[in-house]
1. Being under 12 Å from residue 61 (Cβ atoms) and either buried (at least 17 other Cβ atoms within 10 Å of the Cβ) or touching a strand residue (DSSP E or B) at 6+ places or on another chain (Cβ under 7 Å) (or both) is the filter here; which residues of segment 25-35 pass it?
2. Report the residue count in segment 36-53 for those that are in a helix (DSSP H, G or I) and either exposed (fewer than 13 other Cβ atoms within 10 Å of the Cβ) or touching a residue at least 60 places away in the same chain (Cβ under 8 Å) (or both).
Amino acid sequence: MSVTGTAEGPRALQFTRLNWALLASAAVLIVIGYLTLASSSPVLSTVLAPLLLVAAYAVLIPLGLIL
């Protein structure tokens with residue numbers, strides 16, 4: 001807040017190489033996760049795919065946006 005009490009304008013996100021690397025790795029994990037989800041192997045589609053997708057959506061994407 002400035003001295004006059006008005007809110008400052010929104011700041012643009014400043015992504016570093018780390019942010020882009022985390023978001024890119026999340027995108028790769030999402031693609032791999034959906035490919036394994038579509039596979040006919042029960043272990044891949046019921047165990048590995050959800051783990052990959054949760055890791056991408058719940059861990060890497062938030063980290064890529066926060067850090």
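Values in this text are rule-based calculations from the coordinates and carry no lab data. Keep in mind that what you see is a predicted model, and the values were worked out from it rather than measured. Cβ sites come from the backbone with ideal geometry, for glycine too, and all protein chains shown count toward neighbours.
1. Once the filter is applied, which keeps residues that are under 12 Å from residue 61 (Cβ atoms) and either buried (at least 17 other Cβ atoms within 10 Å of the Cβ) or touching a strand residue (DSSP E or B) at 6+ places or on another chain (Cβ under 7 Å) (or both), segment 25-35 yields 26, 29, 30.
2. Of segment 36-53, the ones in a helix (DSSP H, G or I) are 36-37, 42-53.
In the following step, the residues that additionally are either exposed (fewer than 13 other Cβ atoms within 10 Å of the Cβ) or touching a residue at least 60 places away in the same chain (Cβ under 8 Å) (or both) were identified as 42-43, 46-47, 51.
So the count comes out to 5.
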